[in-house]
Amino acid sequence: MFESALSIFSNPATWYHYWDGFVTTVQLVFLSLVVGGLLAVPLAIMRTSKNRFINWPVWCFTYVFRGTPLLIQLYMIYYGVTLIDGIQESIWWVIFEGAFYPALIAFALNTAAYTTEIFRGAIEATPRGEIEAAKAYGMNWAKRMRRIILPSAFRRAIPAYSNEVIFMLHSSSIASLVTLVDLLGAARDIYARYYAPFEAFISIGLVYLCITFGILAIFRQIEKRMLGHLKPR
């Protein structure tokens, strides 16, 4: 096995292929989290509304995307959109003809649903005294949300959101099922080329492990900075 691994990883083409898969995975996860986070903030605010016509559509969105497997969502967007009449002749086909953007849309909507509920819980957990104090200062709803509620909610949501980031990193491995060459797709190519499943998949598992520890370290520093005032002295 050692000789097999040495022959595989002594080839520069192997490292180039893994690097391309690594870049694709990082791009996909990063963009999905950015788009999903930008969508989740207004959706979380709408989710906390007492108006049923505002709250209910967001609840349906989060219920569907959290209640169905991510793989099915990916298949529906990647394969299902192609069945729409006239889509291939429209300007939208530039987005859906490849595998990257359908995967990005599926991952972004999925993480938006989970992040919406994380932020919604954090918003509703805002201490009542902070809201009453803001009202006493004469702040309207928009100013209270911008200056008091959202900053406080974001700090409380950090631990739960770090789990969502790691979940998205691990879930991104299914992108290889729609012909996208990410880290797992690169490992499959190496396995098919050298017939070495242990070397190919164990090495990729170690890469995912290193990325996960890196993410945890970053969020640990963020928690120390943003939540340091909550620790007992």
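The values are calculated or read from the model by the stated rules, or taken from the named source; none is laboratory data. Only a predicted model underlies this, so the values are computations on that prediction, with no experimental measurement involved. Positions of Cβ are backbone-derived with ideal geometry, glycine not excepted, and every protein chain shown enters the neighbour counts. Keep in mind that these areas ignore ligands, DNA and RNA; they rest on the heavy atoms of the full protein, side chains included. Shrake-Rupley method; radii C 1.70, N 1.55, O 1.52, S 1.80 Å.
If you go through the stretch 74-95 one residue at a time, how many are open to solvent by less than 60 Å² (accessible area, probe 1.4 Å), more than 16 Å from Leu28 (Cβ to Cβ) and under 23 Å from the mean Cα position of the chain (by Cα)?
2
For the stretch 130-182, how many residues are within 14 Å of Ile45 (Cα to Cα) and touching a Ser or Thr at 6+ places or on another chain (Cβ under 7 Å)?
3
Within the stretch 39-65, which residues are loosely packed, with under 13 Cβ neighbours inside 10 Å and closer than 21 Å to Phe154 by Cβ?
Within the stretch 39-65, Pro42, Ser49 meet the criteria.
Please count how many residues of the stretch 110-128 are assigned to a helix (DSSP H, G or I) and open to solvent by less than 50 Å² (accessible area, probe 1.4 Å).
The qualifying residues number 12.
Is it the case, given these coordinates, that Pro102 is assigned to a helix (DSSP H, G or I) and surrounded by fewer than 14 Cβ atoms within 10 Å (Cβ to Cβ)?
no
Please state which of the following conditions Leu206 fails to meet, knowing it meets all the rest: (1) touching a helix residue (DSSP H, G or I) at 6+ places or on another chain (Cβ under 9 Å); (2) open to solvent by 40 Å² or more (accessible area, probe 1.4 Å); (3) in a helix (DSSP H, G or I).
The number of the failed condition is (1).
Mind checking which residues of the stretch 48-79 are more than 25 Å from Leu169 (Cβ to Cβ), assigned to a helix (DSSP H, G or I) and not aliphatic (A, V, I, L, M)? Walk me through it before giving the result.
Narrowing the stretch 48-79 to residues more than 25 Å from Leu169 (Cβ to Cβ): 48-60.
Still in the running and assigned to a helix (DSSP H, G or I): 52-60.
Selection gives Arg52, Phe53, Asn55, Trp56, Pro57, Trp59, Cys60.
Identify all residues within the stretch 52-83 that are β-branched (Val, Ile, Thr) and modelled with pLDDT of 85 or more; write none if there are none.
In the first step, residues of the stretch 52-83 are kept if they are β-branched (Val, Ile, Thr); the result is 54, 58, 62, 64, 68, 72, 77, 81-82.
Of everything in the stretch 52-83, those that are β-branched (Val, Ile, Thr) and modelled with pLDDT of 85 or more turn out to be Ile54, Val58, Thr62, Val64, Thr68, Ile72, Ile77, Val81.
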